[in-house]
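First the structure, in the form of C-alpha coordinates, and then the observations on it.
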Amino acid sequence: MPLDRTFDLGAHHFTRDDILRFARAFDPQPFHVDEAAAAQTHFGGLCASGWHTAAAWMKRMVAGRDRGRALALQRGEPVVEGGPSPGFRDLQWLKPVYAGDTIRYDVTLTEARPSRTRPGWGVVSHTATGTNQRGETAFRFAGAWLAPSRAG
(Lines give C-alpha, C1' and ligand atoms only; values in the text may rest on other atoms or scores of the structure.)
Protein backbone atom coordinates (compact mmCIF):
# COMPACT_ATOMS: atom_id res chain seq x y z
CA MET A 1 0.00 0.00 0.00
CA PRO A 2 1.79 3.14 -1.16
CA LEU A 3 2.09 5.85 1.47
CA ASP A 4 2.03 9.55 0.66
CA ARG A 5 0.19 8.81 -2.59
CA THR A 6 -3.02 10.69 -3.28
CA PHE A 7 -5.93 8.81 -4.81
CA ASP A 8 -8.56 10.78 -6.74
CA LEU A 9 -11.95 9.51 -5.63
CA GLY A 10 -14.01 11.48 -8.12
CA ALA A 11 -16.35 14.42 -7.90
CA HIS A 12 -19.83 15.15 -6.61
CA HIS A 13 -22.04 17.91 -8.00
CA PHE A 14 -24.30 19.46 -5.35
CA THR A 15 -27.74 20.46 -6.61
CA ARG A 16 -30.31 22.59 -4.84
CA ASP A 17 -32.70 19.65 -4.61
CA ASP A 18 -30.05 17.31 -3.20
CA ILE A 19 -28.99 19.92 -0.63
CA LEU A 20 -32.59 20.39 0.51
CA ARG A 21 -33.34 16.65 0.57
CA PHE A 22 -30.28 15.79 2.66
CA ALA A 23 -30.71 18.72 5.04
CA ARG A 24 -34.42 18.10 5.63
CA ALA A 25 -33.61 14.51 6.55
CA PHE A 26 -30.43 15.00 8.56
CA ASP A 27 -29.44 18.64 9.26
CA PRO A 28 -32.51 20.93 9.17
CA GLN A 29 -30.78 24.18 10.05
CA PRO A 30 -32.24 27.26 8.31
CA PHE A 31 -29.21 27.90 6.06
CA HIS A 32 -29.57 24.34 4.71
CA VAL A 33 -33.37 24.17 4.26
CA ASP A 34 -34.68 27.72 3.72
CA GLU A 35 -33.29 29.87 0.91
CA ALA A 36 -34.70 33.14 2.29
CA ALA A 37 -33.34 32.47 5.78
CA ALA A 38 -29.99 31.33 4.32
CA ALA A 39 -29.68 34.62 2.42
CA GLN A 40 -29.74 36.46 5.76
CA THR A 41 -26.86 34.44 7.26
CA HIS A 42 -23.12 34.89 6.87
CA PHE A 43 -23.32 32.23 4.11
CA GLY A 44 -25.44 34.55 1.98
CA GLY A 45 -27.37 31.66 0.47
CA LEU A 46 -28.44 28.06 0.68
CA CYS A 47 -25.49 25.77 1.32
CA ALA A 48 -24.95 22.06 1.82
CA SER A 49 -24.67 20.55 5.25
CA GLY A 50 -21.11 19.68 6.17
CA TRP A 51 -22.37 16.19 6.89
CA HIS A 52 -23.63 16.06 3.30
CA THR A 53 -20.11 16.85 2.05
CA ALA A 54 -18.74 14.10 4.32
CA ALA A 55 -21.33 11.57 3.13
CA ALA A 56 -20.44 12.36 -0.50
CA TRP A 57 -16.75 11.70 0.33
CA MET A 58 -17.67 8.36 1.94
CA LYS A 59 -19.66 7.27 -1.10
CA ARG A 60 -16.69 8.00 -3.34
CA MET A 61 -14.28 6.30 -0.94
CA VAL A 62 -16.29 3.07 -1.00
CA ALA A 63 -16.58 3.24 -4.81
CA GLY A 64 -12.80 3.77 -5.02
CA ARG A 65 -12.15 0.71 -2.87
CA ASP A 66 -14.56 -1.31 -5.03
CA ARG A 67 -12.73 -0.22 -8.20
CA GLY A 68 -9.36 -1.11 -6.66
CA ARG A 69 -10.65 -4.52 -5.58
CA ALA A 70 -12.02 -5.24 -9.08
CA LEU A 71 -8.75 -4.20 -10.75
CA ALA A 72 -6.71 -6.39 -8.39
CA LEU A 73 -8.95 -9.37 -9.14
CA GLN A 74 -8.62 -8.74 -12.90
CA ARG A 75 -4.83 -8.81 -12.53
CA GLY A 76 -4.97 -11.97 -10.42
CA GLU A 77 -3.58 -10.16 -7.37
CA PRO A 78 -4.61 -10.90 -3.80
CA VAL A 79 -7.28 -8.62 -2.39
CA VAL A 80 -6.95 -7.38 1.18
CA GLU A 81 -10.36 -6.39 2.48
CA GLY A 82 -10.50 -3.28 4.62
CA GLY A 83 -12.31 -3.26 7.90
CA PRO A 84 -14.23 -0.61 9.81
CA SER A 85 -12.90 2.77 10.82
CA PRO A 86 -11.83 3.39 14.42
CA GLY A 87 -12.66 7.07 13.92
CA PHE A 88 -11.53 10.39 12.53
CA ARG A 89 -10.21 13.71 13.82
CA ASP A 90 -9.72 17.31 12.81
CA LEU A 91 -12.81 17.48 10.59
CA GLN A 92 -12.91 20.92 8.99
CA TRP A 93 -15.52 22.52 6.76
CA LEU A 94 -13.41 25.30 5.31
CA LYS A 95 -15.64 26.77 2.58
CA PRO A 96 -19.40 26.62 2.17
CA VAL A 97 -20.66 24.33 -0.57
CA TYR A 98 -23.46 25.96 -2.55
CA ALA A 99 -25.93 24.56 -5.07
CA GLY A 100 -24.06 24.22 -8.34
CA ASP A 101 -20.69 23.54 -6.71
CA THR A 102 -18.74 20.44 -7.67
CA ILE A 103 -16.41 18.99 -5.06
CA ARG A 104 -13.57 16.68 -6.12
CA TYR A 105 -12.58 14.29 -3.34
CA ASP A 106 -9.31 12.55 -2.64
CA VAL A 107 -7.54 10.49 0.01
CA THR A 108 -3.84 10.32 0.84
CA LEU A 109 -2.51 7.33 2.80
CA THR A 110 -0.18 8.61 5.50
CA GLU A 111 0.67 5.64 7.74
CA ALA A 112 0.23 1.88 8.02
CA ARG A 113 1.10 0.23 11.30
CA PRO A 114 0.17 -2.86 13.31
CA SER A 115 -2.77 -2.37 15.64
CA ARG A 116 -1.75 -2.14 19.29
CA THR A 117 -5.05 -3.63 20.47
CA ARG A 118 -6.19 -6.03 17.72
CA PRO A 119 -3.70 -8.80 16.92
CA GLY A 120 -3.60 -9.64 13.20
CA TRP A 121 -4.87 -6.21 12.19
CA GLY A 122 -3.24 -3.01 11.05
CA VAL A 123 -4.33 0.62 11.12
CA VAL A 124 -4.16 2.59 7.88
CA SER A 125 -4.24 6.36 8.44
CA HIS A 126 -5.16 8.91 5.81
CA THR A 127 -6.02 12.51 5.12
CA ALA A 128 -9.09 13.32 3.06
CA THR A 129 -9.94 16.49 1.21
CA GLY A 130 -12.64 17.94 -0.96
CA THR A 131 -11.76 20.75 -3.37
CA ASN A 132 -14.30 22.93 -5.14
CA GLN A 133 -14.27 23.93 -8.80
CA ARG A 134 -12.32 27.10 -7.90
CA GLY A 135 -9.45 25.06 -6.43
CA GLU A 136 -10.38 25.91 -2.83
CA THR A 137 -10.26 23.24 -0.14
CA ALA A 138 -13.81 23.03 1.20
CA PHE A 139 -13.52 19.93 3.39
CA ARG A 140 -10.70 18.10 5.19
CA PHE A 141 -10.19 15.50 7.91
CA ALA A 142 -7.77 12.84 9.14
CA GLY A 143 -9.05 9.31 9.52
CA ALA A 144 -8.15 5.65 9.65
CA TRP A 145 -9.48 2.21 8.92
CA LEU A 146 -8.58 -1.29 10.04
CA ALA A 147 -7.19 -3.91 7.66
CA PRO A 148 -5.89 -7.44 8.13
CA SER A 149 -2.16 -7.25 8.80
CA ARG A 150 0.24 -8.30 6.07
CA ALA A 151 2.91 -8.99 8.69
CA GLY A 152 3.70 -12.50 9.60
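The values are calculated or read from the model by the stated rules, or taken from the named source; none is laboratory data. Worth saying up front: this structure is predicted, and the values here are computed from it rather than measured. Neighbour counts run over all protein chains shown; Cβ positions are idealised from the backbone, glycine included. Side chains are part of the model used for accessible areas, which takes the heavy atoms of the whole protein and leaves out ligands, DNA and RNA. Shrake-Rupley method; radii C 1.70, N 1.55, O 1.52, S 1.80 Å.
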Between Gln74 and Asp90, what is the label-to-label distance in nm when each label sits 7 Å out along the Cα-to-Cβ direction? 3.5 nm
Accessible surface ranking that places the most exposed of Lys59, Lys95 first, with a 1.4 angstrom probe: Lys59, Lys95
Karplus (6.51, -1.76, 1.60) ³J(HN,Hα), θ = phi - 60°, over the range 36-45, in Hz, Gly and Pro reported as x: 5, 5, 4, 5, 8, 9, 4, 6, x, x
Apply the Karplus parameterisation 6.51 cos²θ - 1.76 cosθ + 1.60, with θ equal to phi minus 60°, to every residue of the range 15-20 and state each ³J(HN,Hα) to the nearest whole Hz, in sequence, with x for glycine and proline. 9, 4, 5, 5, 4, 5
Sorted by accessible area with a 1.4 angstrom probe, largest first, how do Phe43, Phe88 fall? Phe88, Phe43
Provide the solvent-accessible area of Trp51, counting protein heavy atoms only and rolling a 1.4 Å probe, rounded to the nearest 10 Å². 130 Å²
Computed on Cα atoms only, the convex hull of the range 1-51 has an orientation-averaged projected area in nm² of 5.1 nm²
For Leu91, the residues 5 or more places away or on another chain with a placed amide H closer than 5 Å to its own amide H are Ala142
Please list Asp17, Asp90 from largest to smallest accessible area, probe radius 1.4 Å, with all protein chains kept in place. Asp90, Asp17
Sequence-distant or interchain residues sharing an amide H contact under 5 Å with Gly10, placed H: which? Tyr105
If you place +1 on the Cβ of every Lys and Arg, -1 on the Cβ of every Asp and Glu, and leave all else neutral, what size is the dipole of the range 53-152 about its Cα centre, to the nearest 20 Debye? 120 debye
Ignoring ligands and nucleic acids, what accessible area does Glu111 show with a 1.4 Å probe (Å², nearest 10)? 80 Å²
With angles folded into 0 to 90 degrees, how steeply does helix 50-74 sit against the dominant principal axis of the chain? Use alpha carbons for both and round to 10. 30 degrees
Starting at the first residue of the range 79-88, write each ³J(HN,Hα) from the Karplus equation 6.51 cos²θ - 1.76 cosθ + 1.60 with θ = phi - 60°, in whole Hz, x for Gly and Pro. 10, 9, 7, x, x, x, 8, x, x, 9
Point-to-point label distance, Glu81-Asp17, nm (Cα→Cβ direction, 7 Å offset): 3.7 nm
Starting from the Cα gyration tensor of the chain, take the square roots of the eigenvalues, sort them a ≥ b ≥ c, and report rounded, prolate or oblate (rounded when a/c is under 1.5, otherwise prolate if a/b is larger than b/c, else oblate). prolate
Accessible surface of the chain [probe 1.4 Å, protein heavy atoms]: carbon and sulfur percent: 55 percent
